[in-house]
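A.B. asks: For reference, the structure I am asking about is given below.
The values are calculated or read from the model by the stated rules, or taken from the named source; none is laboratory data. What you see is a predicted model; the values in this text were computed from it and never measured. Reconstructed Cβ throughout: ideal geometry from the backbone, glycine too, with neighbour counts over all protein chains shown.
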Amino acid sequence: MSDEKQKHLENLSEIRSIMERSSSFLSLSGLGGIFAGIFALAGAGFAYWYIYIFNAFERKSFLIETSDLSIEMILVLFADAAIILLLALLFGFIFTYRNAKSNGLKVWSKTAKLLVINLFIPLITGGFFIIILLWHGAAFIIAGTTLIFYGLALINASKYTHKDVRWLGITEIVIGLIACIDIGYGLWYWALGFGIMHIIYGSVMYFKYERRNS
């Protein structure tokens, strides 16, 4: 009787595991998060060099008014951000693809599609909002705004993947709000939110899920 009960419990556990795997995208890679953080720190370092060393801005703080930025500087900074984003997405996809294959899961499943859709709705909205901020000359809160919308995107997508993503999203929102209050140090907060927090998050994810299964 006990053996039969144990068998039923094992079957139920297996069914539950299958349901969780089908309803959640569990192949997100911690290593991808670590690389995203490293790229973000590199991008922030380049932005600092370009603004305060190459262009010799006299301000000691990180306050940047739109009127102080030439079209060339805006394009260079946008290119910097775009390159960092593309590198982060590329390495994130590579490591996620590797995780999915090793676990016998599909990379582009229905759940993965829902995750991407829910992630990009706040991100695209935030992108348009940042353009509006630039149009109205409010560049000094752009760093905080990017962190807030990114945090909202993570929270929105977290119901389709590991719940740890939700906590990263909440952290990004808090850092973004502080950056909007503590005007003048947006680049520092940007590096903290997108750089250091991604490295911490990626390390936790790696040791919690990937290394355990490797």
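A.B. asks: Of all residues in the stretch 142-168, count the ones that are over 27 Å from Ile74 (Cα atoms) and outside any loop (DSSP other than H, G, I, E, B).
C.D. replies: Result for the stretch 142-168: 11.
A.B. asks: A follow-up question, please. Would you please list the contacts, defined by Cβ atoms under 9 Å and residues six or more apart or on different chains, that run from a residue in the stretch 173-184 that is free of Cβ contacts under 8 Å to residues at least 12 places away in the same chain to a residue that is among the hydroxyl-bearing types (Ser, Thr, Tyr)?
C.D. replies: Asp182/Tyr189
Conditions tested, residue by residue: (1) modelled with pLDDT of 75 or more; (2) out of contact with any Phe, Trp or Tyr (no Cβ under 8 Å at 6 or more places or on another chain).
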{"residue": "Phe91", "(1), (2)": "yes, no"}
{"residue": "Tyr97", "(1), (2)": "yes, yes"}
{"residue": "Lys101", "(1), (2)": "yes, yes"}
{"residue": "Gly104", "(1), (2)": "no, yes"}
{"residue": "Leu114", "(1), (2)": "yes, no"}
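For (1) under 11 Å from the mean Cα position of the chain (by Cα); (2) under 15 Å from Ser29 (Cα atoms); (3) aliphatic (A, V, I, L, M), each residue gets a yes or a no:
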{"residue": "Ala153", "(1), (2), (3)": "yes, no, yes"}
{"residue": "Ile173", "(1), (2), (3)": "no, no, yes"}
{"residue": "Ile178", "(1), (2), (3)": "no, no, yes"}
{"residue": "Asp182", "(1), (2), (3)": "no, no, no"}
{"residue": "Gly186", "(1), (2), (3)": "no, no, no"}
{"residue": "Gly202", "(1), (2), (3)": "yes, yes, no"}
{"residue": "Tyr209", "(1), (2), (3)": "no, yes, no"}
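A.B. asks: Next question, about the same structure. How about the stretch 116-158: which of its residues are in contact with a Phe, Trp or Tyr (Cβ under 8 Å, 6 or more places away or on another chain) and touching a residue at least 40 places away in the same chain (Cβ under 8 Å)?
C.D. replies: Hits for the stretch 116-158 are Asn118, Ala143, Gly144, Thr146, Leu147, Tyr150.
A.B. asks: Additional query: Do we find that Thr161 is among the polar types (S, T, N, Q), under 30 Å from Trp49 (Cα atoms) and either crowded, with 18+ Cβ neighbours inside 10 Å or in contact (Cβ under 8 Å) with a residue 40 or more places away in the chain (or both) in this structure? Full working, then the answer.
C.D. replies: Values: among the polar types (S, T, N, Q): yes; under 30 Å from Trp49 (Cα atoms): no; either crowded, with 18+ Cβ neighbours inside 10 Å or in contact (Cβ under 8 Å) with a residue 40 or more places away in the chain (or both): yes.
Answer is no for this residue.
A.B. asks: State whether one or more residues within the stretch 118-138 are within 20 Å of Leu77 (Cβ to Cβ), of a type in the set (Gly, Ala, Ser) and not in a helix (DSSP H, G or I).
C.D. replies: Yes, the stretch 118-138 has at least one match.
A.B. asks: Moving on. If I filter the stretch 169-214 down to residues being among the hydroxyl-bearing types (Ser, Thr, Tyr) and assigned to a loop (DSSP other than H, G, I, E, B), which single residue comes out as nearest to Ala100 (Cα to Cα)?
C.D. replies: Ser214
A.B. asks: Mind checking whether some residue in the stretch 48-63 is of a type in the set (Gly, Ala, Ser) and modelled with pLDDT of 55 or more?
C.D. replies: There is at least one residue in the stretch 48-63 that is of a type in the set (Gly, Ala, Ser) and modelled with pLDDT of 55 or more.
A.B. asks: For residues that are crowded, with 19+ Cβ neighbours inside 10 Å and outside any helix (DSSP H, G or I), scanning just the stretch 25-47, find the one that is modelled with the lowest pLDDT.
C.D. replies: Among those that are crowded, with 19+ Cβ neighbours inside 10 Å and outside any helix (DSSP H, G or I), it is Phe25.
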